[in-house]
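These notes concern the structure reproduced below.
The values are calculated or read from the model by the stated rules, or taken from the named source; none is laboratory data. Please read all numbers here as calculations on a predicted model, not as lab measurements. Every residue, glycine as well, gets a Cβ built from its backbone with ideal geometry; the counts of neighbours run over all protein chains shown. These area figures cover heavy atoms from the full protein model, side chains too; ligands, DNA and RNA do not enter into them. Shrake-Rupley method; radii C 1.70, N 1.55, O 1.52, S 1.80 Å.
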Amino acid sequence: MSAPAPRRPALADPIAAKATLMVVAFGFLSLFLLVPLGIVFISAFKGGFSTYLAALTDPDAGAAIRLTLLVTLIAVPLNVVFGLAAAWALTKHDFRGKGLLLAVIDLPFAVSPVISGMLFVLLFGAAGLFGTALADADIKIVFALPGIVMATVFVTFPYVARELLPAMAAKGRDQELAALTLGATGMQTFRKVTLPNVRYALFHGVVLCTARAVGEFGAVSVVSGHIRGETNTIPLHIEILYNEYQFTSAFAVATLLVLVAFVTLIAKKLLLRTESQGATA
Amino acid sequence: MSRSEPAPKRRHYRPIPGFSLSMGVTLFWVGLMVVLPLAALVLMSARLDAATFWATITDDRALAAYGLSFGAAFIAASVNLVLGLVLAWVLVRYRFPGRGVVDALVDLPLALPTAVAGIALTAAFSPKGPLGAFLADLGLKGAYSRLGVVIALVFIGIPFVVRAVQPVLKDLQPELEEAAATLGATRRQTFLRVILPALRPALLTGFALAFARGLGEYGSVVFISGNLPGKTEVVPLLIMTKLEQYEYSQAAALAVVMLVASFLILFALNRLEKQRKKAAPRAVPAGVPA
């Protein structure tokens, strides 16, 4: 970390410029970040604490929370396995078409959430490519759990891999080659050499992936069908409450997601700090 | 730093095991979760004949939606460009209490689920909300207008510019600015002629990322925009409407247009970064304290 040296007079801005920049920066942050956040909490507690609790303990809210947890618990591990496999294949080996594979892994980042969800409706929806086949076999994907999981996996697809790839590439291959030379099996090398080396990147990827999986709205909205108590995740439940003018309940449930966002930011900050301490130690 | 061994030249000699397993898992999963769904999109839109496809993507409602989506994303990314530079500057150059908190808060729009951002911004900028009331005094309508769409996209896009500029600004050599000062440049001249050119690629990257994100944004926009067809309807919302009417092929056609647009942006960005890497890297003298 190269903080600018404190006494470098040439780098000091005129006091008026400094004051203006600080006012603009803080003004923007307060208006666009803090005011909306404050509104979430003020609106959530408008009816008192008991109303707040009632919104959270409502059976539909409970079902939404359980579904969100379930979807996250399926999607994140899948992305971890994929991320580790992709990073291992791409950084520890040489092959043709690496650039293309990397680009394809990144593709979901460039796709609008609505389009991401729509892809699975086009595949598995009633009028989709496999729609009639699935109907014959009596398998439900769209407007059911599998569709929600697929849409979530799609939008979170690059998160873990994108964090692992640079971390694994930065470590090179020497350590793995040394371990193998000393008689370790491939699996031992992976578990005892590679994995510990990239653990912060992996945690970071998992944190980002989890945050997105919990909060995904657009993609899940397309595939869920909004069946109350069945296919509503937390964000969709908030949308329904809001559209029914149950603002207090909507904001009450929203505070849960704000807390998830805060935990994400704190976890990210802590990981960065531990990582940089580990690097300088 | 990386001291990666030069790879053996023989293509089939792989000193590290697990290639087929990891590659197999990767290709299977990429194929199933990314390639197959995107292929479905192309197939579905190809069900329309050329004339219908063209009519779908050029009808008045679609054109109005493109105008709003591209226009609002462009304006918001431009606002982000300026505010993101200011934020990055303040975070890198100034020391003040709570800097760490501010730095973490910049990521909030990425961490906060878009639906929550949407209802919170709508409440803040609706005519009854604190900020909306202020805008109303100025004769402006915050929520339920095109301005509302821009507001949501500014919120969503700000981390992209800050996070693109911050590391470059941090690594900027102080000696450059000192040399400029020694040579008689004012602070303003130094900023315009020394600092800004060095930040330009990062600014452009941040702008492009914020723009691309804004094009596809749905969650935060759907609440604040009011969703009037032809007026405050963005393309993702129009696609959603088509899907709800079971017009799958039309929705797919519109999606193809949006995807081509975002791929072009990211492709241009990629080229830009390659050029930047190819251009002579700024030499870092050995004596610079790390």
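Brief remarks on what is shown
- Here the helices (runs of 4 or more DSSP H) wholly within the range A:21-106 that include at least 3 residues being open to solvent by 60 Å² or more (accessible area, probe 1.4 Å) are A:48-57, A:59-91.
- The lone exception for A:ALA133 - which of (1) assigned to a helix (DSSP H, G or I); (2) closer than 12 Å to B:ALA40 by Cβ it fails: (2)
- Being of a type in the set (Lys, Arg) and either in contact with a Lys or Arg (Cβ under 7 Å, 6 or more places away or on another chain) or touching a residue at least 24 places away in the same chain (Cβ under 8 Å) (or both) is not true of A:ARG199.
- Matching residues in the range A:157-178 - criterion: being more than 24 Å from A:PRO235 (Cβ to Cβ), open to solvent by 20 Å² or more (accessible area, probe 1.4 Å) and either at pLDDT 95 or above or in a helix (DSSP H, G or I) (or both): A:PRO166, A:ALA167, A:ALA169, A:ALA170, A:ASP174, A:GLN175, A:LEU177, A:ALA178
- Scanning the range A:42-55 for residues that are closer than 15 Å to A:GLN246 by Cα and not basic (Lys, Arg) yields A:ILE42, A:SER43, A:ALA44, A:PHE45, A:GLY47, A:GLY48, A:THR51, A:TYR52, A:LEU53, A:ALA54, A:ALA55.
- Qualifying residue in the range A:213-230 (condition: closer than 30 Å to B:PHE19 by Cα, in contact with a helix residue (DSSP H, G or I) (Cβ under 9 Å, 6 or more places away or on another chain) and open to solvent by less than 20 Å² (accessible area, probe 1.4 Å)): yes
- Positions within the range A:231-245 being touching a residue at least 12 places away in the same chain (Cβ under 8 Å) and open to solvent by 40 Å² or more (accessible area, probe 1.4 Å), in sequence order: none
- Only a single item in (1) touching a residue at least 60 places away in the same chain (Cβ under 8 Å); (2) open to solvent by 30 Å² or more (accessible area, probe 1.4 Å); (3) of a type in the set (A, V, I, L, M, F, W, C) is not met by A:VAL258, and it is number (2).
- Screening the range A:107-156 for residues that are more than 7 Å from chain B (Cβ to nearest Cβ) and aromatic (Phe, Trp, Tyr) and picking the one that is surrounded by the most Cβ atoms within 10 Å (Cβ to Cβ) gives A:PHE124.
- Extreme residue, nearest to A:SER112 (Cα to Cα), among residues of the range B:42-72 that are within 11 Å of chain A (Cβ to nearest Cβ), of a type outside the set (S, T, N, Q) and part of a helix (DSSP H, G or I): B:VAL42
- Taking each residue of the range A:125-136 that is under 15 Å from B:ARG47 (Cβ atoms) and looking for partners that are of a type in the set (Phe, Trp, Tyr) and surrounded by fewer than 18 Cβ atoms within 10 Å (Cβ to Cβ) with beta-carbon atoms closer than 8 Å, six or more apart or interchain, yields A:ALA127/B:TYR246.
- Yes/no for B:ALA198 being open to solvent by less than 40 Å² (accessible area, probe 1.4 Å), at the interface with chain A (Cβ under 9 Å from one of its Cβ atoms), within 25 Å of the chain's Cα centre (by Cα) and over 24 Å from B:VAL102 (Cα atoms): no
- Residues that are open to solvent by 30 Å² or more (accessible area, probe 1.4 Å) and under 17 Å from the mean Cα position of the chain (by Cα) within the range B:84-120 comprise just one, B:LEU110.
- In summary, helices (runs of 4 or more DSSP H) completely within the range B:80-194 and bearing 1 or more residues that are more than 9 Å from every other protein chain (Cβ to nearest Cβ), of a type in the set (Gly, Ala, Ser) and touching a residue at least 60 places away in the same chain (Cβ under 8 Å) occur at B:146-171.
- Scope the range A:107-130; condition in a helix (DSSP H, G or I), at pLDDT below 90 and small (Gly, Ala, Ser); matching residues: A:ALA110
Residue by residue, here is whether (1) in contact with a helix residue (DSSP H, G or I) (Cβ under 7 Å, 6 or more places away or on another chain); (2) more than 29 Å from A:ILE240 (Cβ to Cβ); (3) within 9 Å of chain A (Cβ to nearest Cβ) holds:
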position	(1), (2), (3)
B:ALA202	yes, yes, no
B:THR205	yes, yes, no
B:ALA210	yes, yes, no
B:ILE224	yes, no, no
B:PRO229	yes, no, no
B:PRO236	yes, no, yes
B:GLU247	no, no, no
B:MET258	yes, no, yes
B:LEU266	yes, yes, yes
